[in-house]
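K.L.:
Before we start, here is the structure in question, set down as structure tokens.
Derivation of every value follows stated rules applied to the coordinates shown; laboratory data play no part. Computed from a predicted structure; not experimentally measured. Counting neighbours? That spans all protein chains shown, and the Cβs are built from the backbone with ideal geometry, glycine included.
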Amino acid sequence: MMEHLSLSHFLVVGGLLFCFGLMTVLTRRNAVAMLMGIELILNGANVNLVAFNHYAAGGLSGQIFALFVIVLAAAEAAVGLAIILAIYQMIRNIDTANIASLRQ
Amino acid sequence: MHTNLVVFYLFALAAVVGAAGVPMSRNIFWSAMGLLSALVGVGGLYVLLSADFLAVTQLLVYIGGVLVLIIFAVMLTSQIKEIEVSNQNVGLVSGAILFFLTGTLLCFVAIWAPWKAVLRPESHETSAAIGNGLLGTWLLPFEVASVVLLATLIGAIVVARKEIKED
């Protein structure tokens, strides 16, 4: 089974990407690095979508779904980075532990 | 079949090593470079999965757009040289534990689950079919996505522009 390229190969890569993304989001406190982790998670999900489309479902629906995920990831990155830049202009810091002014 | 496997391992290695560099590197700029490697690797995997249009989209949107944006943000907001990073010890340990738990679970499921896979999946070029699909079956999500992108464009400009206060 493992000598030939199979669905499992791609699923393992997608799972590892997801795990690294999760770890980035959880351990980093830099807001930009957390956004990078989110991109990794979305990429892991995309690999799974396309792999299942190729090996199990057939047709194109998985690829189209991945395409929309890419579009939304780009939108999310743009808005997220804009928010981070605005916060940086305000308090000169993007460490998520220090962004607590809404708390008061 | 063998060349396929070699190419797969090449791209998978690039993707996984790059992704590993994102949480582990101490310098945020190297994290961005790791993300670059991961995105290129995933693009290569798309080609192996006969998703040629998606691979080119990955290159154009992610590497040409999102990654450049992220690197801009890195350079605008942080001191690149700072060695002491955001990683706190406790956070790193619990993150590693969580990584191993989730990773083992996902790999176990991916390898041992009895997936109903097609034995000989066919490969053909997809651009024409995707174009037809976007203007046919998936017309509504396509239009909604364009509205979302427009809203994002305006929203990002409004949020990030510099306010000139008179006081």
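K.L.:
What average count of beta carbons from other chains do you get within 10 Å of the Cβ of residues in B:126-137? Could the numbers behind the result be given before it?
P.N.:
Details: counts 3, 0, 0, 4, 4, 0, 1, 6, 4, 0, 0, 3.
That works out to 2 on average.
K.L.:
Given H placed 1.01 Å from N in the peptide plane, which residues other than close sequence neighbours of residue A:95 have an amide H under 5 Å from its amide H?
P.N.:
Hits under the 5 Å cutoff: none.
K.L.:
Give the residue list of trypsin sites (Lys or Arg not before Pro) in segment B:132-165 that are DSSP loop and have at most 10 other beta-carbon atoms within 10 angstrom. Don't skip to the end; give the middle numbers.
P.N.:
Numbers: sites: B:161, B:162, B:165; in loops: B:161, B:162, B:165.
Passing both the DSSP loop test and the Cβ count: B:162, B:165.
K.L.:
Additional query: About its Cα centre, what dipole magnitude does the protein assembly as shown give when the only charges are +1 on Lys and Arg Cβ and -1 on Asp and Glu Cβ, stated in debye to the nearest 20?
P.N.:
Taking the Cα centre of the protein assembly as shown as origin, the dipole is about 420 debye.
K.L.:
Just checking the output field for B:11-21: average partner chain Cβ neighbours within 10 Å of each residue's Cβ?
P.N.:
Mean partner-chain Cβ count within 10 Å for B:11-21: 4.
K.L.:
Output the 0 to 90 degree angle, nearest 10, between the alpha-carbon long axis of helix A:7-27 and the longest principal axis computed from the alpha carbons of chain A.
P.N.:
Roughly 10 degrees between the two axes.
K.L.:
Residue B:139 versus residue B:124, label points 7 Å from Cα toward the beta carbon: distance in nm?
P.N.:
Reported label-point gap for residue B:139 and residue B:124 is 2.4 nm.
K.L.:
Gain in length, residue B:13 to residue B:92, computed as 0.36 nm per residue apart minus the alpha-carbon separation, to one decimal in nm?
P.N.:
Contour length minus the Cα-Cα distance gives 26.1 nm.
K.L.:
Using only helices, what value at 222 nm comes out for the protein assembly as shown when you add -39,500 (n - 2.57) per DSSP H run of length 4 or more and divide by the total residues, to the nearest 500 deg cm²/dmol? Let's see the in-between values first.
P.N.:
Details: 10 runs with 189 residues, N = 271.
Roughly -24000 deg cm²/dmol at 222 nm, from the helical runs in the protein assembly as shown.
K.L.:
Rounded to the nearest 0.05, what FRET efficiency do residue B:162 and residue A:72 have when you use their Cβ-Cβ distance and R0 = 30 Å?
P.N.:
0.65
K.L.:
What is the angle, in °, between the Cα long axis of helix A:31-52 and the longest principal axis of the Cα atoms in chain A? Nearest 10 is fine, range 0 to 90.
P.N.:
That helix lies at roughly 10 degrees to the long axis.
K.L.:
Moving on. Pick out, in residue order, every one of the trypsin sites (Lys or Arg not before Pro) in segment A:1-92 that is DSSP loop and has at most 13 other C-beta atoms within 10 Å; say none if there are none.
P.N.:
Sparse-neighbourhood loop trypsin sites (Lys or Arg not before Pro): A:92.
K.L.:
Another question, then. At R0 = 41 Å, how high is the FRET efficiency between residue A:86 and residue B:3 if r is their beta carbon distance? Nearest 0.05 is fine.
P.N.:
0.25
K.L.:
Could you list the GluC sites (Glu not before Pro) in segment A:3-85 that lie in coil according to DSSP, counting only those with at most 13 other Cβ atoms within 10 Å of their Cβ?
P.N.:
A:3
K.L.:
Only Cα pairs within less than 10 Å get springs; with that Gaussian network setup on chain B, which residue of B:56, B:66, B:147 has the largest fluctuation?
P.N.:
B:147
K.L.:
Would you mind calculating the gained length between residue B:47 and residue B:105 on full extension (0.36 nm times residue separation, minus the Cα-Cα distance), in nm to one decimal?
P.N.:
18.2 nm
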